Amino acid sequence: MRFKLVLIIGFICFTLNLCNAQAYLGWITKTVNFRTEPSKTGAVISSLKAGTQIFIISSEADNDFYNIIDINTNEEGYVHKSFIKFGDAVEKNEGGLFSPNGMSSSYDPELAIYNNTNRTLTLKLNATRYTFYPNERKTITISAGYYDYIASAPGVMPNIGTETVQSNNKYSWEFYIQTKYGY
């Protein structure tokens, strides 16, 4: 009976970890190829040197590769797990990225986004990537629903979280860089 209980608790914990994969800061331990796919045959984006700071999107490996963002260049790709050292966990923000901004005549939610920086912003909503050039304002239309997001720019630690947007609504968001000293 005790073995069954331990097995059930282990299964529940394993299942919860798969559903709630954690993001981390980290770095590259040895010069390695940075690839477009989680495979040794994936095209090489660049070579990452030892000590390169990275953002590990998920602690769940895909084919022994981690999906990462090179913080310096803001490129997303894959590195074999044997070349990655994990650092601090990154907390996921729950809602609050997009501010409600009234009703829309369109059924699909409209997001008015302003990149208030001198860097190119990448906003990833689930699997779709949007690019915003420095000081660009753009409105995008998406389907109503629940989204995992990553907002990133070269040289900036990505902002991650979840957001729910509703039909017939307008939302706005201003991307800016906040500088923090110390922890």
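Readers should treat all values here as calculations from the given coordinates under stated rules, not as data from a laboratory. Everything numeric here is computed off the predicted structure, so don't read it as measured data. When we count neighbours, we look across all protein chains shown, and the Cβ atoms used for this are built from the backbone with ideal geometry, even at glycine.
The residues of segment 40-53 that are surrounded by 12 or more Cβ atoms within 10 Å (Cβ to Cβ) and either hydroxyl-bearing (Ser, Thr, Tyr) or touching a Phe, Trp or Tyr at 6+ places or on another chain (Cβ under 6 Å) (or both), listed by number, are Ile45, Ser46, Leu48, Thr52, Gln53. When segment 61-80 is filtered for residues that are surrounded by fewer than 14 Cβ atoms within 10 Å (Cβ to Cβ) and free of Cβ contacts under 8 Å to residues at least 60 places away in the same chain, the ones remaining, listed by number, are Asp62, Asn63, Asp64.
Do you know which of the residues in segment 52-78 that are hydrophobic (A, V, I, L, M, F, W, C) and part of a strand (DSSP E or B) is farthest from Lys124 (Cα to Cα)? Only one residue tops the list, namely Phe65. Restricted to segment 132-166, and to residues that are in contact (Cβ under 8 Å) with a residue 40 or more places away in the chain and not in a strand (DSSP E or B), which residue is farthest from Glu110 (Cα to Cα)? Filtering first and then ranking leaves Gly155. Of the residues making up segment 134-183, those that are among the charged types (D, E, K, R) and farther than 25 Å from Ala23 by Cβ number 4.
For segment 59-82, a tally of residues being in contact with a Phe, Trp or Tyr (Cβ under 9 Å, 6 or more places away or on another chain) and over 28 Å from Arg119 (Cα atoms) returns 6.
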